Amino acid sequence: SQQGEEDPQALSIQEGENATMNCSYKTSINNLQWYRQNSGRGLVHLILIRSNEREKHSGRLRVTLDTSKKSSSLLITASRAADTASYFCEDRDDKIIFGKGTRLHILP
Amino acid sequence: KAGVTQTPRYLIKTRGQQVTLSCSPISGHRSVSWYQQTPGQGLQFLFEYFSETQRNKGNFPGRFSGRQFSNSRSEMNVSTLELGDSALYLCASSSFEGNYGYTFGSGTRLTVV
């Protein structure tokens, strides 16, 4: 099966630093979405970027999309302890597919 | 405003049995999606409904089925349960015609023994 694949699988950074996660996909996309999952709040939709968009911002989040490379990146600026979670990208084409996620750990 | 409600929260079933899980979307939301999450396979899309019609389906065997009622509540059914069906089943609803803005429920943890 074709999947969005997040990279890296795990990431630990100091609080206040920026965190970047990448997602690659194998099919063409209509919409690519990023989600966050932690034990406290479950799965939360973060941001959607459409195939005709190249960059999107939402608060401390910045998502880019490179359709020529079939990749997307999620940047979290000025990280906080509450950002500790797993982050998933979802490739929304004919088949909706998630990657296995990047586990982000923010160190105090 | 109540969130997405999934029942039951926890469920233990025996291999070979069948199970029905329920999802009540946020009031006014007409799109409901179901997902399976396991440590090995991660988060996988099962199916999506909008206005009682299945709009999209993931790569799961026919043992997995779902439906949506006129009040937008949705159920998913798994027949002839296998050990590998043990997972967290998540439901999400959206006020839009799919594709974005989903709110997730807390999930139903199914254990097959």
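The values are calculated or read from the model by the stated rules, or taken from the named source; none is laboratory data. If you're wondering where the values come from, they're calculated on a predicted model, not measured in any experiment. Note: ideal-geometry Cβ built from the backbone for every residue, glycine included; neighbour counts use all protein chains shown.
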Unmet criterion (only one of (1) more than 17 Å from B:Ala87 (Cα to Cα); (2) out of contact with any Ser or Thr (no Cβ under 6 Å at 6 or more places or on another chain); (3) outside any strand (DSSP E or B); (4) within 13 Å of chain A (Cβ to nearest Cβ)) for B:Ile26: (2)
Subset of segment B:30-86 [within 13 Å of another protein chain (Cβ to nearest Cβ), in a loop (DSSP other than H, G, I, E, B) and loosely packed, with under 14 Cβ neighbours inside 10 Å]: B:Pro39, B:Gly40, B:Asn59
Number of the condition not met by B:Ser93 [criteria: (1) in a strand (DSSP E or B); (2) in contact (Cβ under 8 Å) with a residue 40 or more places away in the chain; (3) more than 13 Å from chain A (Cβ to nearest Cβ)]: (3)
Segment B:102-113 residues that are basic (Lys, Arg), paired with ones that are assigned to a strand (DSSP E or B) (beta carbon under 6 Å, 6 or more apart): B:Arg109/B:Tyr10; B:Arg109/B:Leu88
Residue match in segment A:51-69 (condition: aliphatic (A, V, I, L, M) and modelled with pLDDT of 95 or more): yes
